[in-house]
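**Q** Sharing a structure here in structure tokens format.
Every number here is computed from the coordinates shown, using simple stated rules; none is lab data. Note that this is a predicted model, so its numbers are computed, not measured. Methodologically, a virtual Cβ is constructed for each residue, glycine included, from the backbone with ideal geometry; neighbour enumeration extends over all protein chains shown.
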Amino acid sequence: MLRHGWWKVVVFLLCLGPVGYLGWRFYTEDLTANPLEYITHFTGDWSIRLICVTLAITPLRKLLHAPDLIRFRRMIGLYAFFYASLHFLTYLWLDRLFDFQDLAKDIAKRPFITAGFAAFVLMLPLAVTSTRGWIRRMGGKRWQALHRLVYGAGIVAVVHYYWLVKSDVRLPLLYGGIVGVLLLYRAVAWMRARFRSTRPAIAEVVRDRMA
Ligand code: HEM
């Protein structure tokens, strides 16, 4: 069922929804008393949510026996990057007024900004190499290895969130738990695959010893 072309349109529109909603609140001048804070938080929230969804696609494919979910991973990942870019741009433009020296000082001095910037930088090569042409150029294995950076981006984004909240750390911990479980799932899957591929060799050694 997920192979129908219109599913992609549905997912595209769902991911576009939040920015449409933000645009509507801008148009109706309803961005709260502190628009800068509202837009920064809104875009940051959607970026971290979509990073989690991107990371969840592979386990969900297996758990739900829905291999076609893979068709949406690139789009959702690119949307996570899109919201991160809006988030960064809001900060750079409305908060730092495009003062790059100020930005560099902030990155060096405030640990939560350092972590946020690191998460953004980790996502950059993933967005650039997300096309089929890049998969061909790099080769599947190297491309997959590079795209594991998304776990790094997820972890650093959680650290960014955890460091910036002053008192209530429940949400950053929730995101941390989600990223942690997804990472654990991948680690277990990787170890099982490795064990399976080395099992024939182990069996051979045992057979030789018994002979
Ligand atoms: C993948 C990249 C990033 C993600 C996923 C992310 C995520 C988040 C999240 C979830 C929040 C909190 C939202 C809330 O409280 O509702 C936030 C806040 C914030 N982020 Fe990011 N962020 C990223 C990159 C950056 C970058 C590159 C910068 C600036 C260099 C930045 C600057 C900020 C600032 C200034 C706040 C608001 C802090 C406050 O209100 O005290 N973030 N971000």
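**Q** Net charge near Asp95, counting Lys/Arg +1 and Asp/Glu -1 over other residues with Cβ under 15 Å of its Cβ?
**A** Working: positive: Arg96, Lys105, Lys109, Arg110; negative: Glu37, Asp99, Asp102, Asp106.
It works out to a net charge of 0.
**Q** Going by alpha carbons, how many degrees (0 to 90, nearest 10) lie between the helix axis of 170-210 and the longest principal axis of the chain?
**A** 20 degrees
**Q** What FRET efficiency, computed as 1/(1 + (r/R0)^6) with R0 = 35 Å and r the Cβ-Cβ distance, is obtained for Leu94 and Thr129, rounded to the nearest 0.05?
**A** That pair, Leu94 with Thr129, gives E of 0.70.
**Q** Given a cut-off of under 8 Å on Cα pairs at least six residues apart, what relative contact order in percent is computed for segment 1-145?
**A** Numbers: 86 pairs, mean separation 30.7, N = 145.
For segment 1-145, the relative contact order is 21 percent.
**Q** Compute the length gained on full extension between Leu146 and Ser167: take 0.36 nm times their separation in residues and subtract their Cα-Cα distance, giving the result in nm to one decimal. List each step's numbers first, then the result.
**A** Details: separation 21, 0.36 × 21 = 7.56 nm, distance 3.54 nm.
Full-extension gain reported as 4.0 nm.
**Q** Something else about it: With angles folded into 0 to 90 degrees, how steeply does helix 149-164 sit against the dominant principal axis of the chain? Use alpha carbons for both and round to 10.
**A** The helix 149-164 is inclined about 40 degrees to the chain.
**Q** Under a 5 Å amide H to amide H cut-off, with H placed in plane at 1.01 Å, what residues pair with Ala66 once short-range neighbours are removed?
**A** Counting only residues 5 or more places away or on other chains, the set is empty.
**Q** Of Leu78, Val165, Thr131, which is farthest on the positive side of the dipole of the chain, counting Cα position, with +1 on Lys and Arg Cβ, -1 on Asp and Glu Cβ, and the Cα centre as origin?
**A** Thr131
**Q** D for the chain, whole µm²/s, Stokes-Einstein with Kirkwood Rh over alpha-carbon pairs at 37 °C and 0.692 mPa s: what number? Numbers along the way, then the final one.
**A** Numbers: Rh = 19.5 Å.
It comes out at roughly 169 µm²/s.
**Q** At 20 °C and a viscosity of 1.002 mPa s, what translational diffusion coefficient does Stokes-Einstein give for segment 102-203, taking Rh as the Kirkwood radius over Cα pairs? Give it in µm²/s as a whole number. If you can, show how the numbers build up before the last one.
**A** Numbers: Rh = 16.0 Å.
It diffuses with D of about 134 µm²/s by this estimate.
**Q** Still on this model: Taking loop as defined by DSSP and a crowding limit of 13 other beta carbons within 10 Å, which chymotrypsin sites (Phe, Trp or Tyr not before Pro) in segment 94-167 fit? Don't skip to the answer; put the middle values down first.
**A** Values: sites: Phe98, Phe100, Phe112, Phe117, Phe120, Trp134, Trp143, Tyr151, Tyr161, Tyr162, Trp163; in loops: Phe98.
Here the chymotrypsin sites (Phe, Trp or Tyr not before Pro) that fit, given the DSSP loop and packing criteria, are Phe98.
**Q** Rounded to the nearest 500 deg cm²/dmol, what is the calculated helix-only ellipticity per residue at 222 nm for the chain, with -39500 (n - 2.57) per DSSP H run of length n ≥ 4? Show your work: numbers first, answer last.
**A** Working: 9 runs with 170 residues, N = 211.
Calculated mean residue ellipticity at 222 nm is -27500 deg cm²/dmol.
**Q** Under 28 Å between alpha carbons: how many lysine pairs meet that in the chain, if sequence neighbours fewer than 8 apart on the same chain are excluded? Mind showing how you got there, number by number?
**A** On the way: Lys8/Lys62; Lys8/Lys141; Lys62/Lys141; Lys105/Lys166; Lys109/Lys166.
Within the chain, the lysine pair count is 5.
**Q** Here is a follow-up. Under a plain spin-label model, where a point goes 7 Å from the Cα along Cα-to-Cβ, how far apart in nm are Glu204 and Ala66?
**A** My value for the distance between the label points is 4.1 nm.
**Q** While we're looking at this one, here's another question. Neighbour counts of other C-beta atoms within 10 Å: give me His4, His160 arranged from fewest to most. Let's see the in-between values first.
**A** On the way: His4 10, His160 22.
Fewest-to-most ranking of His4, His160: His4, His160.
**Q** So what's the angle, to the nearest 10 degrees on a 0 to 90 scale, between helix 100-109 and the longest Cα principal axis of the chain?
**A** 60 degrees
**Q** So, one more: Note down the net charge around Leu60, summing +1 for each Lys or Arg and -1 for each Asp or Glu among other residues with Cβ under 14 Å from its Cβ. Present the calculation step by step, with values, prior to reporting the outcome.
**A** Numbers: positive: Arg61, Lys62, Arg71, Arg73, Arg186; negative: Asp68.
With Lys, Arg at +1 and Asp, Glu at -1, the net is +4.
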